[in-house]
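As structure tokens, the structure follows; a few thoughts come after it.
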Amino acid sequence: MKDEHFLKNIFSSAHLNENEQELIISKFRQVNFSKNDYLLDEGKTENHYWFIESGFARSYVVDISGNDITTNFYAVGDIVIDWTSFFLRNSTRESIQALTDCKCWQLDFDTFQQLFHSIQSFREQGRTTLVNSYFSLKNQSVSMIADKAKERYKRLIKEKPHIVQNISLKHIATYLGVTDTSLSRIRKEISEE
């Protein structure tokens, strides 16, 4: 029997009855990734919906100069997915990589669709999660244009301190759109405030 305590916590606030919750949880499969393993490779179609139970991952794209630029971080309780690829069934431009060993719970696309169309509470939770993901992405893209890097870093410290404490500065710098040197300067300025 698989340990489902983590998933029960995830779905406890989803307004699911006990039978719905048990059905949904029974469809997930535990998958472990080692540090640097890929949950998704660029050019592939996203076929899984993941929850991270332990560890850290990131999504990234490769820019026109060949540099990998972090687009998001994932930690305990987060859904790890390329939403566009998953729902539109197209190939992704992002890669998703484990930054540490990760314990994940996987739901495949076909099963997700079956649950999505047959359980209203699951569908509503999915829509809410998708909308929140969109708002987060929109806020991040506006912030990259309208906010100074120092403000973006302070927001990251406030909203996701576990990321700042556990992820390499190199990845954080690319996520913030700055060089490692600029991030070191920003960190020094903040420590002196």
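The values are calculated or read from the model by the stated rules, or taken from the named source; none is laboratory data. All of these numbers come straight from a predicted model, not from anything done at the bench. Counting neighbours? That spans all protein chains shown, and the Cβs are built from the backbone with ideal geometry, glycine included.
Numbers at a glance
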read-out	value
Residue within region 152-164 that is over 30 Å from Leu23 (Cβ atoms), in contact (Cβ under 8 Å) with a residue 40 or more places away in the chain and of a type in the set (A, V, I, L, M) present	yes
Some residue of region 4-11 being modelled with pLDDT under 95, surrounded by fewer than 20 Cβ atoms within 10 Å (Cβ to Cβ) and over 20 Å from Thr129 (Cα atoms)	yes
Flag for Asn36 being at negative phi, modelled with pLDDT of 95 or more, polar (S, T, N, Q) and in contact with a strand residue (DSSP E or B) (Cβ under 9 Å, 6 or more places away or on another chain)	no
Ile163 being in the same structural domain as Arg185 (by TED's automatic domain parsing) and in contact with a strand residue (DSSP E or B) (Cβ under 6 Å, 6 or more places away or on another chain)	yes
Unmet criterion (only one of (1) surrounded by 13 or more Cβ atoms within 10 Å (Cβ to Cβ); (2) on the phi > 0 side of the Ramachandran plot) for Arg89	(1)
Selection from region 152-193 of residues that are assigned to a helix (DSSP H, G or I) and among the β-branched types (Val, Ile, Thr)	Ile157, Ile163, Val164, Ile172, Thr174, Thr181, Ile186, Ile190
Enumeration of residues in region 14-70 that are of a type in the set (A, V, I, L, M), buried (at least 19 other Cβ atoms within 10 Å of the Cβ) and part of a strand (DSSP E or B)	Leu39, Leu40, Ile52, Ala57
Criterion (of a type in the set (Ser, Thr, Tyr) and under 20 Å from Asn9 (Cα atoms)) met by exactly one of Thr84, Thr111, Thr129, Thr92	Thr129
Whichever residue in region 12-23 is charged (D, E, K, R) and more than 24 Å from Ser54 (Cβ to Cβ) and, among such residues, is modelled with the highest pLDDT	Glu20
The listed residue being farther than 25 Å from Lys170 by Cβ and free of Cβ contacts under 8 Å to residues at least 24 places away in the same chain, out of Asn19, Asn47, Asn90	Asn19
Condition met for Lys188 (surrounded by fewer than 14 Cβ atoms within 10 Å (Cβ to Cβ), among the basic types (Lys, Arg) and not assigned by TED's automatic domain parsing to the domain that holds Val61)	yes
Qualifying residue in region 98-114 (condition: over 13 Å from the mean Cα position of the chain (by Cα), modelled with pLDDT of 95 or more, in the same structural domain as Asn32 (by TED's automatic domain parsing) and closer than 19 Å to Asp68 by Cβ)	yes
